[in-house]
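Chemist: My structure is below; once you've seen it, I'll send some questions.
The values are calculated or read from the model by the stated rules, or taken from the named source; none is laboratory data. Keep in mind that what you see is a predicted model, and the values were worked out from it rather than measured. So basically every Cβ, Gly included, is an ideal-geometry build from the backbone, and we count neighbours across all protein chains shown. Heavy atoms of the whole protein, side chains included, go into the accessibility calculation; ligands, DNA and RNA do not. Shrake-Rupley method; radii C 1.70, N 1.55, O 1.52, S 1.80 Å.
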Amino acid sequence: MSKIARRQFIQLSAVAAAGCMMRPGQEAQAQDMPKVEESDSMAQAMKYTNDASTVAPASRANPAPEQTCANCALVQGEDGADWRPCQIFPGKVVAAKGWCSVWAPKA
Ligand code: SF4
């Protein structure tokens, strides 16, 4: 398995695990949830940042421009909110202007 394929496998496994932890109807209100800290071990593993503009596009595995949490397929909650739940970080919220290496385009 190549280095990139292994990394993507690990990231997708994290997505699947996070999805298993979320139960429909049991979503906490975003305003009551703590924010993901960039210093969290999970955040660091996913290269999460509160400000996507600090990440050079060339360093991303997916070269699509304008990647932020707000336009990621894994973000939850209401459009337009500054902080929103994310399937990768159960029980916490991420910055709408943030980004992590698991970013995926909406279908
Ligand atoms: Fe979650 Fe997507 Fe933001 Fe990563 S880029 S923290 S997966 S919303």
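Chemist: Taking the Cβ of V94 as the centre, find all other residues whose Cβ is under 12 Å away and add up their charges (Lys, Arg: +1; Asp, Glu: -1).
Modeler: Once positives and negatives cancel, what remains is -1.
Chemist: Report in % the part of the accessible area of region 45-84 that belongs to carbon and sulfur, leaving out ligands and nucleic acids; probe 1.4 Å. Let's see the in-between values first.
Modeler: Values: 1250 of 2330 Å².
Looking at region 45-84 in its full context, I get 54 percent from C and S.
Chemist: Could you calculate the FRET efficiency of E66 with S41 from 1/(1 + (r/R0)^6), where r is the beta carbon distance between them and R0 is 30 Å, rounded to 0.05? Working shown, then result.
Modeler: Details: r = 28 Å, r/R0 = 0.93.
Calculated value: 0.60.
Chemist: How many Å² of accessible area per residue for region 45-102, probe 1.4 Å?
Modeler: Numbers: 2840 Å² over 58 residues.
On a per-residue basis, 49 Å².
Chemist: Output wanted: per-residue J couplings in Hz (rounded whole) for region 50-62, from phi through Karplus 6.51 cos²θ - 1.76 cosθ + 1.60, θ = phi - 60°, x for Gly and Pro.
Modeler: 6, 9, 4, 5, 8, 9, 5, x, 5, 8, 8, 5, 9
Chemist: Next up: Quick one: length gained pulling A104 to Q29 fully straight, 0.36 nm per residue minus the C-alpha distance?
Modeler: 24.6 nm
Chemist: Classify region 30-94: rounded, prolate or oblate, from the alpha-carbon gyration tensor (a ≥ b ≥ c, eigenvalue square roots; a/c under 1.5 rounded; otherwise prolate if a/b is larger than b/c)? Can you show the working numbers first?
Modeler: Working: a/c = 2.06, a/b = 1.36, b/c = 1.52.
Cα axes put region 30-94 in the oblate bin.
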